[in-house]
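The values are calculated or read from the model by the stated rules, or taken from the named source; none is laboratory data. Please read these numbers as outputs of a predicted model, since none were measured by experiment. Positions of Cβ are generated from backbone atoms using ideal geometry, with glycine treated the same way; all protein chains shown enter the neighbour counts.
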Amino acid sequence: MRYLYTFLLMFGFWLLLSGKFDLFHLTLGVISSLLVSWMSSDLLFIDSSKKGRLIEVWRLILYIPWILKEILLSTLHVTWLALHPAMKEKIAPRIVNFKTRLQSDAARVTLANSITLTPGTITVRIEGDVFTVHALSDKVASGLPGEMEERIARIFTEERP
Amino acid sequence: MIWQIDIMILTLIVICGVFAISVKDLLGAAVVFGAYSFLMCLLWTEMGAVDVAFTEAAVGAGVSTVLFFAAVHRSSRQVKARVSGRLLYKWLGLVASGLMGGVLFYASTDFPDWADPASPASSHLSPHFITQTLTETSVPNIVTSVLADYRGFDTMFETAVVLTAGLAVLIILRLGGCRTAGPVREKSAAIQTAYKDSIIRFVTRMVVPFMQLFALYVIAHGHHSPGGGFQGGVILGASFILLAISYDLKMALNRINEKAALLLANTGVLIYAGIGFLCMLLGANFLDYSILHRILPATDEIAARSHAMLGVEIGVALTVMVIVMVIYNNIVSNGTYEKGL
Amino acid sequence: MSNFFIATGVVLCLFMLLALYRTIFGPTIIDRMMGANIIGTKTTVLLIIIGTIYGRVDMFVDIALAYAMLNFIVTIAASRYFAHHKNIRAEGYGVLHYTPTKEADK
Amino acid sequence: MINTLTITLMIAGLFFFFATTVGVLRFPDFYTRMHAAGKGDTLSSLLILVGLAIYNLHHISAGNILVTIKILFILMFIFLASPTATHAIIDAGYESGIKPWGKESNREGQDDLAD
């Protein structure tokens, strides 16, 4: 089953890349997609039995505007700090640990990358359930994980504990 | 050529070049050299040499930097300070290299201007390529047709050189005899096992299939856009290297083990030479593809050349992909295939 | 419009010079990696700007894509090096406590 | 109209790139520099590339739309890869035992588990 999914995804990607729709190039595309789905179909979809992937993708797309806003805020924050003459008084970097309740890899990676992209925080590592985060100041450190984990838990439909 | 950007990039490149030599920390030098390659590729694109830029991006900026890291990983990171020579010799060396540089600089004034239509290089052969390629081979990208058809002999031996390089790495690193009993057969841990750095692994998993498809696209569309067998092969090999880096070597070796890899590498060269011999068997010159229209269905002489070029590109891609992988796997594990980066 | 793109390219190069300072003078190897990563991302952007100036973005966009991918591989490879070697500076293996006041790395 | 939009986006991108590069030079240790590098890089590339993608739609044709999609694909890739690269570099630094810069008062409470 996952071969089929990978093949369809890859062929769609090929059509976007190629932009040539004559028979010869389409045949090459089919061959290439088959090759890739033979070589690495176990990478994209790990358990092919899982349902509701499309809904997750759709919710992820809806998540993008919010994260874009966060990136903008975060860069403004860093910009303000970087150009501030007394920058060293403004920042108080520290390392924070917190536990997450997200289970799946996809959700955790989304959370980690979102944390990296939001103001004043970078994910350093994930060990077991514990996220290690470097924060620029106490204020942002106390706000973790906060609203973001809620949102991501809703995307990946993980029930609350 | 856009001279404003040109000057800026050149300045950056010279700075990078000087410091890539003078940095004493070898890992740091590798990083600076990577930046140098990135900028070099930018310079090629900016001068309009798109295919060269693609090769530089794939080989120089991508794979060779990774190979440097692998080599530093297996050897030492420090430069041995060597106290050598008298001061006189150092001065002599400086004077000699300064003179040589001066002579080269003086000679560079004799070069024709950039893209000068009256220069010897572009007054004899180039007009033929530029005006006739499309009618003779029906391939819009002139560089591809020059490399794979007009100068096909050259490219065939380049592929052979790549194969030889891979074999040389194998021979040198295995001098003490094969340290493992044949190719690794044990499975690596399952993909979904929770690792410590699950972020990198997850992103790798998502990225690698797209990378492989992109590489295949580059190979298949060498006729129409920059790229071709060599660049696509390197990107394919790089995707396996990425797997080997972020998981472990066994992950990559489970997909293509050493035996299969070397078989594929030789098959690549064989495809290239085989197409050449096929032409001979049909009664034409070696690598004269136009004769192939007799056995390829539904083609005339021009289309046969185009299709044969695609076959040749696939051969090149196979060899290059596998050799890049073999070189990385051997350098990073010192020839034992046990632990990667 | 073309002049604006050229100016953008030149300004980008100037800022890359700033990032290059970190790449060259460190002080730690990780600062160099950071600088190289910035340069890599910005060359991707610059490639597309050059493509726009020439009016042939369709040719340059493939290279830029390959570039972004390979930049990613290089960064991952460089960072994985430290999973095996904990030495952050070239001299004095095992220097663990790094103080930012020590700037010299020559 | 399209030109104004492109120019605005690209100048904003350049500004953020400049500011964060200054941050990369000025911040006291590499963790804080990484904040500047990772975020500024992502956003400034994003803005400039979106500007170019919009400019590319000047003459609407099938080829141009495909090119725009490809630029957006590069964007998506940067979006995915840039935070990951940031994380990889900062993890490498943490692994090799660099202590983060901080005022003395913050040094103690580093290992508290706030869940």
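Output the residues belonging to segment B:289-321 that are at pLDDT below 80 and of a type in the set (A, V, I, L, M, F, W, C).
Within segment B:289-321, B:Leu296, B:Ala298 qualify.
Are there any pairs, at least 6 apart or on different chains, whose C-beta atoms fall under 9 Å, with the first in segment B:105-128 and at pLDDT below 80 and the second surrounded by fewer than 11 Cβ atoms within 10 Å (Cβ to Cβ) and not in a loop (DSSP other than H, G, I, E, B), and if so, which?
Hits for this filter: zero, empty list.
Going by the conditions given, is B:Ser306 part of a loop (DSSP other than H, G, I, E, B) and either of a type in the set (Ser, Thr, Tyr) or in contact (Cβ under 8 Å) with a residue 40 or more places away in the chain (or both)?
Taking the combined requirement at face value, the residue does not satisfy it.
Assuming D:Asp91 fulfils every condition listed in (1) out of contact with any Asp or Glu (no Cβ under 7 Å at 6 or more places or on another chain); (2) charged (D, E, K, R); (3) facing chain A (nearest Cβ under 9 Å) apart from one, which condition is it?
With respect to (1) out of contact with any Asp or Glu (no Cβ under 7 Å at 6 or more places or on another chain); (2) charged (D, E, K, R); (3) facing chain A (nearest Cβ under 9 Å), D:Asp91 is out only on (1).
Here is a check on your reading of the model: is A:Glu70 assigned to a helix (DSSP H, G or I), closer than 29 Å to B:Leu242 by Cα and acidic (Asp, Glu)? Show your work before the answer.
On the way: assigned to a helix (DSSP H, G or I): yes; closer than 29 Å to B:Leu242 by Cα: no; acidic (Asp, Glu): yes.
For A:Glu70, the condition - assigned to a helix (DSSP H, G or I), closer than 29 Å to B:Leu242 by Cα and acidic (Asp, Glu) - is not met.
List pairs: first in segment D:75-100 and outside any loop (DSSP other than H, G, I, E, B), second of a type in the set (Lys, Arg), Cβ under 6 Å, 6+ apart or cross-chain?
Filtered contacts from segment D:75-100: D:Asp91/A:Arg125.
Can you tell me how many residues within segment A:84-117 are small (Gly, Ala, Ser), more than 19 Å from A:Gly128 (Cβ to Cβ) and either free of Cβ contacts under 8 Å to residues at least 40 places away in the same chain or not assigned by TED's automatic domain parsing to the domain that holds A:Tyr63 (or both)?
Of the residues in segment A:84-117, 1 are small (Gly, Ala, Ser), more than 19 Å from A:Gly128 (Cβ to Cβ) and either free of Cβ contacts under 8 Å to residues at least 40 places away in the same chain or not assigned by TED's automatic domain parsing to the domain that holds A:Tyr63 (or both).
Do you know which residues across segment B:154-175 are touching a residue at least 60 places away in the same chain (Cβ under 8 Å) and more than 27 Å from B:Pro112 (Cβ to Cβ)?
Across segment B:154-175, the qualifying residues are B:Met156, B:Thr159, B:Ala160, B:Val162, B:Leu163, B:Ala165, B:Gly166, B:Val169, B:Leu170, B:Leu173, B:Arg174.
Take the residues in segment A:84-109 that are outside any strand (DSSP E or B) and among the β-branched types (Val, Ile, Thr), then tell me which one is farthest from B:Ile199 (Cα to Cα).
That would be A:Ile91.
Can you pull out the residues in segment B:129-153 that are of a type in the set (Phe, Trp, Tyr) and in contact (Cβ under 8 Å) with a residue 24 or more places away in the chain?
Residue satisfying the conditions is B:Phe153 alone.
Testing B:Asn334 on (1) buried (at least 18 other Cβ atoms within 10 Å of the Cβ); (2) within 30 Å of B:Ser75 (Cα to Cα), one condition comes back false. Which one is that?
The single condition B:Asn334 does not satisfy is (1).
Go through segment D:55-87 and report how many residues are more than 8 Å from chain A (Cβ to nearest Cβ), among the β-branched types (Val, Ile, Thr) and either surrounded by fewer than 17 Cβ atoms within 10 Å (Cβ to Cβ) or over 21 Å from A:Phe13 (Cα atoms) (or both).
First, pick out the residues of segment D:55-87 that are more than 8 Å from chain A (Cβ to nearest Cβ): D:55-61, D:64-65, D:67-68, D:71-72, D:74-79, D:81-82, D:85.
Then drop every residue that is not among the β-branched types (Val, Ile, Thr), which leaves D:60, D:65, D:67-68, D:71, D:74, D:78.
Filter once more, keeping what is either surrounded by fewer than 17 Cβ atoms within 10 Å (Cβ to Cβ) or over 21 Å from A:Phe13 (Cα atoms) (or both): D:60, D:65.
Qualifying residue count, segment D:55-87: 2.
Residue check: is A:Thr75 closer than 26 Å to A:Arg151 by Cβ and in contact with a Gly (Cβ under 9 Å, 6 or more places away or on another chain)?
So A:Thr75 passes the test.
Here is a yes/no grid of residues against (1) surrounded by fewer than 19 Cβ atoms within 10 Å (Cβ to Cβ); (2) within 9 Å of chain D (Cβ to nearest Cβ); (3) of a type in the set (Phe, Trp, Tyr); (4) over 18 Å from D:Asp29 (Cα atoms):
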position: A:Ile91; (1), (2), (3), (4): no, yes, no, no
position: A:Ile95; (1), (2), (3), (4): no, yes, no, no
position: A:Ile115; (1), (2), (3), (4): no, yes, no, yes
position: A:Gly120; (1), (2), (3), (4): no, yes, no, no
position: A:Val133; (1), (2), (3), (4): no, no, no, no
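Looking at segment B:10-19 only, could you name the residues that are buried (at least 16 other Cβ atoms within 10 Å of the Cβ) and under 23 Å from the mean Cα position of the chain (by Cα)?
B:Ile13, B:Cys16
Could you please give the count of residues in segment A:17-32 that are at the interface with chain B (Cβ under 10 Å from one of its Cβ atoms), under 16 Å from C:Asp58 (Cβ atoms) and not hydroxyl-bearing (Ser, Thr, Tyr)?
Final tally of qualifying residues: 4.
Output the number of residues of segment C:66-95 satisfying the condition of being surrounded by 17 or more Cβ atoms within 10 Å (Cβ to Cβ), at pLDDT below 80 and of a type in the set (Gly, Ala, Ser).
Qualifying residue count for the region: 1.
Just to verify a result, which residue in segment B:1-22, among those that are among the aliphatic types (A, V, I, L, M) and more than 7 Å from chain C (Cβ to nearest Cβ), is nearest to C:Met34 (Cα to Cα)?
Here the answer is B:Ala20.
Out of (1) buried (at least 17 other Cβ atoms within 10 Å of the Cβ); (2) under 15 Å from B:Gly233 (Cα atoms), the odd one out for B:Glu258 is which?
(2)
For residues in segment D:40-50 being in contact (Cβ under 8 Å) with a residue 40 or more places away in the chain and not acidic (Asp, Glu), which is nearest to the other protein chains (Cβ to nearest Cβ)?
Among them, the one singled out is D:Thr42.
Residues of segment A:110-141 being over 15 Å from the mean Cα position of the chain (by Cα), assigned to a helix (DSSP H, G or I) and closer than 23 Å to D:Ser82 by Cβ, which ones?
A:Val140, A:Ala141
Based on this model, can you work out whether C:Tyr67 counts as among the hydroxyl-bearing types (Ser, Thr, Tyr), at the interface with chain B (Cβ under 9 Å from one of its Cβ atoms) and over 22 Å from D:Gly38 (Cβ atoms)?
Answer is no for this residue.
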